[in-house]
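See structure below.
The values are calculated or read from the model by the stated rules, or taken from the named source; none is laboratory data. None of the values given here were measured: they were computed from a predicted structure. So basically every Cβ, Gly included, is an ideal-geometry build from the backbone, and we count neighbours across all protein chains shown. Accessible surface areas use protein heavy atoms only, side chains included; no ligands, DNA or RNA. Shrake-Rupley method; radii C 1.70, N 1.55, O 1.52, S 1.80 Å.
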Amino acid sequence: MKVGFVGLGIMGKPMAHNVLKAGYTVIAYDRNQAPVDELVAAGAVAAASGKEVAEQADVVITMLPNSPHVRSALFDENGIAEGLSEGKAVIDMSSIAPLASREFAEKLAEQGVDFLDAPVSGGEPKAIDGTIAVMVGGEQAVFDKYEALLGAMASTVTLVGGVGAGNITKLANQMIVAVNIAAVSEAYSLAKKAGVSPENVYKAIRSGLAGSVVMDQKSQKIFDGDFTPGFRIDLHIKDLQNALDTSHGVNVSAPFTSLAMEILQSLKVNGHGSDDHSGIAEWYEMVNNFKLQG
Ligand code: NAD
(Lines give C-alpha, C1' and ligand atoms only; values in the text may rest on other atoms or scores of the structure.)
Protein backbone atom coordinates (compact mmCIF):
# COMPACT_ATOMS: atom_id res chain seq x y z
CA MET A 1 0.00 0.00 0.00
CA LYS A 2 1.38 3.42 -0.99
CA VAL A 3 0.55 6.04 1.63
CA GLY A 4 0.43 9.78 0.90
CA PHE A 5 1.06 12.13 3.83
CA VAL A 6 0.08 15.81 3.67
CA GLY A 7 0.87 17.98 6.72
CA LEU A 8 4.18 17.22 8.40
CA GLY A 9 4.10 19.47 11.47
CA ILE A 10 4.59 18.63 15.15
CA MET A 11 2.32 15.57 14.82
CA GLY A 12 2.35 14.65 11.12
CA LYS A 13 6.12 14.33 10.76
CA PRO A 14 6.68 11.69 13.48
CA MET A 15 3.49 9.88 12.42
CA ALA A 16 4.78 9.68 8.83
CA HIS A 17 8.13 8.35 10.17
CA ASN A 18 6.24 5.54 11.92
CA VAL A 19 4.34 4.65 8.73
CA LEU A 20 7.69 4.47 6.91
CA LYS A 21 9.20 2.30 9.66
CA ALA A 22 6.25 -0.12 9.34
CA GLY A 23 7.34 -0.78 5.74
CA TYR A 24 4.85 1.30 3.75
CA THR A 25 5.93 3.50 0.84
CA VAL A 26 5.34 7.11 1.94
CA ILE A 27 4.79 10.02 -0.46
CA ALA A 28 5.21 13.25 1.51
CA TYR A 29 4.10 16.84 1.02
CA ASP A 30 3.97 19.93 3.22
CA ARG A 31 3.94 23.64 2.35
CA ASN A 32 7.09 23.79 4.40
CA GLN A 33 9.98 21.97 2.64
CA ALA A 34 12.17 21.13 5.70
CA PRO A 35 10.08 18.21 7.07
CA VAL A 36 9.66 16.83 3.53
CA ASP A 37 13.46 16.75 3.13
CA GLU A 38 13.82 15.03 6.52
CA LEU A 39 11.35 12.31 5.54
CA VAL A 40 13.01 11.82 2.13
CA ALA A 41 16.32 11.27 3.96
CA ALA A 42 14.51 8.51 5.91
CA GLY A 43 13.24 6.84 2.70
CA ALA A 44 10.06 8.71 1.71
CA VAL A 45 9.29 10.05 -1.77
CA ALA A 46 8.83 13.83 -2.11
CA ALA A 47 5.84 15.33 -3.92
CA ALA A 48 5.40 18.94 -5.03
CA SER A 49 1.64 19.21 -4.38
CA GLY A 50 -1.33 17.42 -2.87
CA LYS A 51 -2.35 16.41 -6.40
CA GLU A 52 1.03 14.69 -6.97
CA VAL A 53 0.70 12.86 -3.65
CA ALA A 54 -2.78 11.57 -4.54
CA GLU A 55 -1.74 10.49 -8.04
CA GLN A 56 0.98 8.23 -6.60
CA ALA A 57 -0.72 6.99 -3.40
CA ASP A 58 -3.49 4.44 -2.72
CA VAL A 59 -4.55 6.32 0.42
CA VAL A 60 -3.79 9.91 1.49
CA ILE A 61 -3.46 10.87 5.16
CA THR A 62 -3.89 14.56 6.06
CA MET A 63 -2.63 16.07 9.35
CA LEU A 64 -3.40 19.80 9.18
CA PRO A 65 -4.48 22.47 11.71
CA ASN A 66 -8.24 22.98 11.11
CA SER A 67 -11.20 22.58 8.74
CA PRO A 68 -10.23 25.43 6.33
CA HIS A 69 -6.71 23.98 5.91
CA VAL A 70 -8.11 20.52 5.14
CA ARG A 71 -10.67 21.99 2.70
CA SER A 72 -7.92 23.92 0.94
CA ALA A 73 -5.48 20.95 0.83
CA LEU A 74 -8.24 18.73 -0.59
CA PHE A 75 -10.08 20.98 -3.03
CA ASP A 76 -7.90 23.95 -4.07
CA GLU A 77 -6.13 23.95 -7.44
CA ASN A 78 -3.42 21.23 -7.48
CA GLY A 79 -5.02 19.84 -4.32
CA ILE A 80 -5.42 16.21 -3.29
CA ALA A 81 -8.86 15.70 -4.92
CA GLU A 82 -7.44 16.45 -8.38
CA GLY A 83 -5.11 13.44 -8.09
CA LEU A 84 -7.62 10.98 -6.60
CA SER A 85 -9.55 8.30 -8.48
CA GLU A 86 -12.14 5.63 -7.69
CA GLY A 87 -11.08 3.09 -5.03
CA LYS A 88 -8.61 5.41 -3.31
CA ALA A 89 -9.21 6.87 0.16
CA VAL A 90 -8.53 9.95 2.29
CA ILE A 91 -7.95 9.58 6.04
CA ASP A 92 -8.08 12.98 7.74
CA MET A 93 -6.29 12.73 11.08
CA SER A 94 -6.55 16.47 11.85
CA SER A 95 -8.87 17.67 14.64
CA ILE A 96 -11.56 19.59 12.76
CA ALA A 97 -15.30 20.40 12.87
CA PRO A 98 -17.37 17.19 12.55
CA LEU A 99 -19.72 18.83 10.03
CA ALA A 100 -16.73 19.64 7.82
CA SER A 101 -15.69 15.95 7.91
CA ARG A 102 -19.16 15.00 6.66
CA GLU A 103 -18.99 17.65 3.91
CA PHE A 104 -15.59 16.37 2.71
CA ALA A 105 -16.77 12.72 2.80
CA GLU A 106 -19.79 13.57 0.62
CA LYS A 107 -17.73 15.49 -1.94
CA LEU A 108 -15.10 12.75 -2.18
CA ALA A 109 -17.78 10.05 -2.50
CA GLU A 110 -18.79 11.71 -5.80
CA GLN A 111 -15.34 10.61 -7.09
CA GLY A 112 -15.73 7.09 -5.64
CA VAL A 113 -13.21 7.94 -2.91
CA ASP A 114 -13.62 6.60 0.65
CA PHE A 115 -13.17 8.83 3.71
CA LEU A 116 -12.41 8.34 7.39
CA ASP A 117 -12.10 11.09 10.01
CA ALA A 118 -9.46 9.82 12.40
CA PRO A 119 -8.27 12.48 14.86
CA VAL A 120 -5.75 11.55 17.52
CA SER A 121 -4.89 12.24 21.10
CA GLY A 122 -1.60 11.88 22.89
CA GLY A 123 0.55 14.78 21.71
CA GLU A 124 4.04 14.90 20.23
CA PRO A 125 5.78 12.36 22.56
CA LYS A 126 3.18 9.70 21.75
CA ALA A 127 3.29 10.60 18.03
CA ILE A 128 7.04 9.91 18.16
CA ASP A 129 6.63 6.64 20.10
CA GLY A 130 3.76 5.47 17.87
CA THR A 131 1.44 5.25 20.88
CA ILE A 132 -1.25 7.85 20.05
CA ALA A 133 -4.94 6.98 20.43
CA VAL A 134 -6.92 7.20 17.17
CA MET A 135 -10.72 7.72 17.20
CA VAL A 136 -12.23 6.89 13.84
CA GLY A 137 -15.49 7.82 12.10
CA GLY A 138 -16.52 6.01 8.94
CA GLU A 139 -17.90 2.79 7.50
CA GLN A 140 -16.84 -0.53 9.05
CA ALA A 141 -15.52 -1.90 5.72
CA VAL A 142 -13.33 1.17 5.13
CA PHE A 143 -12.10 1.04 8.74
CA ASP A 144 -11.20 -2.66 8.34
CA LYS A 145 -9.16 -1.88 5.22
CA TYR A 146 -7.01 0.79 6.92
CA GLU A 147 -6.95 -0.35 10.57
CA ALA A 148 -3.46 -1.88 10.24
CA LEU A 149 -2.10 1.31 8.65
CA LEU A 150 -3.51 3.42 11.51
CA GLY A 151 -2.09 0.85 13.95
CA ALA A 152 1.41 1.64 12.65
CA MET A 153 1.09 5.05 14.36
CA ALA A 154 -0.97 4.18 17.41
CA SER A 155 -1.47 2.01 20.46
CA THR A 156 -5.27 2.08 20.11
CA VAL A 157 -7.45 2.53 17.03
CA THR A 158 -11.20 2.66 17.77
CA LEU A 159 -14.11 2.93 15.35
CA VAL A 160 -16.61 5.14 17.20
CA GLY A 161 -19.35 5.62 14.56
CA GLY A 162 -20.04 7.02 11.11
CA VAL A 163 -18.12 9.88 9.44
CA GLY A 164 -17.81 12.81 11.90
CA ALA A 165 -17.93 10.58 14.98
CA GLY A 166 -14.15 10.61 15.25
CA ASN A 167 -14.15 14.40 15.55
CA ILE A 168 -17.13 14.42 17.96
CA THR A 169 -15.06 12.09 20.18
CA LYS A 170 -12.01 14.34 19.84
CA LEU A 171 -14.06 17.41 20.86
CA ALA A 172 -15.23 15.50 23.96
CA ASN A 173 -11.56 14.74 24.69
CA GLN A 174 -10.53 18.40 24.29
CA MET A 175 -13.35 19.65 26.55
CA ILE A 176 -12.22 17.27 29.31
CA VAL A 177 -8.52 18.16 28.91
CA ALA A 178 -9.07 21.96 29.01
CA VAL A 179 -11.36 21.85 32.04
CA ASN A 180 -9.00 19.40 33.77
CA ILE A 181 -5.94 21.67 33.27
CA ALA A 182 -7.95 24.60 34.63
CA ALA A 183 -9.08 22.59 37.69
CA VAL A 184 -5.50 21.46 38.41
CA SER A 185 -4.16 25.03 38.02
CA GLU A 186 -6.90 26.45 40.25
CA ALA A 187 -6.22 23.86 42.96
CA TYR A 188 -2.43 24.47 42.84
CA SER A 189 -3.12 28.24 43.13
CA LEU A 190 -5.12 27.65 46.29
CA ALA A 191 -2.34 25.46 47.72
CA LYS A 192 0.47 27.91 46.89
CA LYS A 193 -1.30 31.00 48.27
CA ALA A 194 -2.32 29.06 51.40
CA GLY A 195 1.34 28.14 52.00
CA VAL A 196 1.33 24.47 50.92
CA SER A 197 3.75 23.35 48.19
CA PRO A 198 1.84 22.43 45.00
CA GLU A 199 4.50 19.71 44.40
CA ASN A 200 3.53 18.10 47.69
CA VAL A 201 -0.16 18.40 46.86
CA TYR A 202 0.52 16.62 43.56
CA LYS A 203 2.47 13.80 45.26
CA ALA A 204 -0.26 13.36 47.86
CA ILE A 205 -3.28 13.26 45.57
CA ARG A 206 -2.06 11.96 42.21
CA SER A 207 -3.03 8.33 42.91
CA GLY A 208 -6.43 9.24 44.39
CA LEU A 209 -9.70 10.15 42.71
CA ALA A 210 -8.40 13.57 41.58
CA GLY A 211 -5.41 12.07 39.75
CA SER A 212 -5.41 12.16 35.94
CA VAL A 213 -3.14 11.78 32.92
CA VAL A 214 -3.44 15.57 32.56
CA MET A 215 -2.19 16.01 36.14
CA ASP A 216 0.73 13.61 35.52
CA GLN A 217 1.75 15.12 32.17
CA LYS A 218 1.26 18.82 32.96
CA SER A 219 2.16 19.31 36.64
CA GLN A 220 5.93 19.43 36.14
CA LYS A 221 5.54 22.00 33.35
CA ILE A 222 3.41 24.12 35.70
CA PHE A 223 5.94 23.76 38.57
CA ASP A 224 8.82 24.73 36.21
CA GLY A 225 6.92 27.54 34.46
CA ASP A 226 8.01 25.78 31.24
CA PHE A 227 5.23 26.33 28.71
CA THR A 228 7.06 25.34 25.52
CA PRO A 229 4.55 23.40 23.36
CA GLY A 230 3.40 20.50 23.26
CA PHE A 231 -0.06 21.49 22.32
CA ARG A 232 -0.44 25.17 21.55
CA ILE A 233 -3.11 27.36 23.15
CA ASP A 234 -4.09 28.58 19.65
CA LEU A 235 -4.95 25.00 18.64
CA HIS A 236 -6.92 24.39 21.83
CA ILE A 237 -8.94 27.58 21.17
CA LYS A 238 -9.70 26.14 17.72
CA ASP A 239 -10.90 22.87 19.29
CA LEU A 240 -13.06 24.56 21.94
CA GLN A 241 -14.61 26.83 19.28
CA ASN A 242 -15.55 23.67 17.34
CA ALA A 243 -16.77 22.07 20.60
CA LEU A 244 -18.98 25.06 21.47
CA ASP A 245 -20.36 25.43 17.91
CA THR A 246 -21.13 21.70 17.79
CA SER A 247 -22.64 21.66 21.32
CA HIS A 248 -24.91 24.60 20.51
CA GLY A 249 -25.79 23.00 17.16
CA VAL A 250 -27.17 19.94 18.97
CA ASN A 251 -28.74 21.99 21.82
CA VAL A 252 -26.23 21.22 24.56
CA SER A 253 -25.17 23.88 27.06
CA ALA A 254 -21.44 23.71 27.86
CA PRO A 255 -20.64 26.23 30.62
CA PHE A 256 -17.29 24.80 31.76
CA THR A 257 -16.04 24.65 28.17
CA SER A 258 -17.06 28.32 27.77
CA LEU A 259 -15.09 29.31 30.87
CA ALA A 260 -12.02 27.39 29.73
CA MET A 261 -12.37 29.04 26.32
CA GLU A 262 -12.35 32.55 27.84
CA ILE A 263 -9.24 31.72 29.89
CA LEU A 264 -7.46 30.53 26.74
CA GLN A 265 -8.68 33.58 24.81
CA SER A 266 -7.37 35.90 27.52
CA LEU A 267 -3.98 34.15 27.38
CA LYS A 268 -3.90 34.61 23.60
CA VAL A 269 -4.70 38.33 23.93
CA ASN A 270 -1.77 38.59 26.36
CA GLY A 271 0.66 37.06 23.86
CA HIS A 272 0.62 33.44 25.02
CA GLY A 273 -1.13 31.81 22.02
CA SER A 274 1.95 29.76 21.14
CA ASP A 275 2.48 28.49 24.70
CA ASP A 276 1.56 24.96 25.73
CA HIS A 277 -2.05 24.68 26.97
CA SER A 278 -0.66 23.96 30.46
CA GLY A 279 -0.06 27.75 30.31
CA ILE A 280 -3.63 28.00 31.66
CA ALA A 281 -1.68 28.09 34.95
CA GLU A 282 -0.22 31.46 33.81
CA TRP A 283 -3.76 32.90 33.70
CA TYR A 284 -4.23 31.94 37.35
CA GLU A 285 -0.90 33.66 38.11
CA MET A 286 -2.03 36.82 36.28
CA VAL A 287 -5.43 37.16 37.94
CA ASN A 288 -4.14 36.20 41.39
CA ASN A 289 -0.95 38.29 41.16
CA PHE A 290 1.48 35.54 42.23
CA LYS A 291 3.81 32.87 40.81
CA LEU A 292 3.32 29.14 41.14
CA GLN A 293 7.07 28.52 40.77
CA GLY A 294 9.64 28.80 43.56
P1 NAD B 1 1.33 22.02 13.07
O2 NAD B 1 0.89 23.43 12.90
O3 NAD B 1 2.63 21.72 13.77
O4 NAD B 1 1.39 21.28 11.63
C5 NAD B 1 0.54 21.55 10.56
C6 NAD B 1 1.33 21.36 9.26
O7 NAD B 1 0.44 21.51 8.15
C8 NAD B 1 2.43 22.38 9.07
O9 NAD B 1 3.65 21.72 8.80
C10 NAD B 1 1.97 23.22 7.85
O11 NAD B 1 3.05 23.67 7.05
C12 NAD B 1 1.12 22.21 7.13
N13 NAD B 1 0.10 22.77 6.22
C14 NAD B 1 -0.87 23.68 6.53
N15 NAD B 1 -1.67 23.87 5.45
C16 NAD B 1 -1.19 23.07 4.46
C17 NAD B 1 -1.61 22.80 3.12
N18 NAD B 1 -2.69 23.40 2.59
N19 NAD B 1 -0.90 21.92 2.39
C20 NAD B 1 0.18 21.29 2.93
N21 NAD B 1 0.61 21.48 4.20
C22 NAD B 1 -0.07 22.37 4.95
O23 NAD B 1 0.12 21.29 13.80
P24 NAD B 1 0.15 19.92 14.66
O25 NAD B 1 0.46 20.24 16.08
O26 NAD B 1 0.95 18.88 13.94
O27 NAD B 1 -1.41 19.55 14.64
C28 NAD B 1 -2.05 18.98 13.50
C29 NAD B 1 -3.45 18.56 13.91
O30 NAD B 1 -3.37 17.59 14.96
C31 NAD B 1 -4.31 19.71 14.48
O32 NAD B 1 -5.64 19.57 14.07
C33 NAD B 1 -4.18 19.54 15.98
O34 NAD B 1 -5.30 20.08 16.68
C35 NAD B 1 -4.10 18.02 16.10
N36 NAD B 1 -3.42 17.51 17.30
C37 NAD B 1 -2.27 18.08 17.74
C38 NAD B 1 -1.65 17.58 18.90
C39 NAD B 1 -0.39 18.20 19.45
O40 NAD B 1 -0.04 17.90 20.62
N41 NAD B 1 0.33 19.04 18.70
C42 NAD B 1 -2.21 16.49 19.58
C43 NAD B 1 -3.36 15.89 19.08
C44 NAD B 1 -3.96 16.42 17.93
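Worth pointing out:
- Pairs of alpha carbons in the chain whose separation is greater than 24 Å (percent): 53 percent
- Shape analysis of the stretch 2-162 places it in the rounded category; the axes a ≥ b ≥ c from the Cα gyration tensor give an a/c below 1.5.
- Solution diffusion estimate, µm²/s, Stokes-Einstein, the stretch 206-276, Kirkwood Rh from C-alpha pairs, 4 °C, viscosity 1.567 mPa s: 96 µm²/s
- Backbone geometry of the stretch 136-141 corresponds, through the Karplus equation with coefficients 6.51, -1.76 and 1.60 at θ = phi - 60°, to 3J(HN,Hα) couplings of 10, x, x, 7, 3, 5 Hz, x marking Gly and Pro.
- For the chain, the relative contact order is 13 percent, taking Cα pairs closer than 8 Å that sit 6 or more residues apart in sequence and dividing their mean separation by the residue count.
- Surrounding net charge for F143, when Lys and Arg each add one and Asp and Glu each subtract one, Cβ distance under 13 Å: -4
- You can think of it this way: the chain between A42 and I176 has 44.6 nm of extra reach, that is 0.36 nm per residue less the Cα-Cα gap.
- The charge dipole of the chain, taken about the Cα centre with unit charges on the Cβ atoms of Lys, Arg (+1) and Asp, Glu (-1), comes to about 840 debye, rounded to the nearest 20.
- For the pair the stretch 128-167 and the stretch 227-294, the centres of their Cα atoms are 27 angstrom apart.
- Remark on the stretch 168-288: hydrodynamic radius 14.7 angstrom, per the Kirkwood mean of 1/r across alpha carbon pairs.
- Between helix 213-224 and the chain: long-axis angle, C-alpha atoms, 0 to 90°, nearest 10: 60 degrees
- Probe 1.4 Å, accessible area per residue of the stretch 2-162, Å²: 40 Å²
- Estimated purely from DSSP H runs of n ≥ 4, each contributing -39500 (n - 2.57), the mean residue ellipticity at 222 nm for the chain is -16500 deg cm²/dmol once divided by its residues.
- Sequence-separation-based contact order of the stretch 147-294, relative, with Cα cut under 8 Å and 6+ spacing, percent: 31 percent
- A simple spin-label model places pseudo-atoms 7 Å from Cα toward Cβ; at R206 and E262 they are separated by 3.3 nm.
- Two-site label geometry, K193 and E103: point separation in nm, points 7 Å out along Cα→Cβ: 4.3 nm
- Protection proxy ranking for 267-274, 100-107, 220-227, 232-239, using the average of other Cβ atoms within 10 Å per residue and placing the highest first: 232-239, 100-107, 220-227, 267-274.
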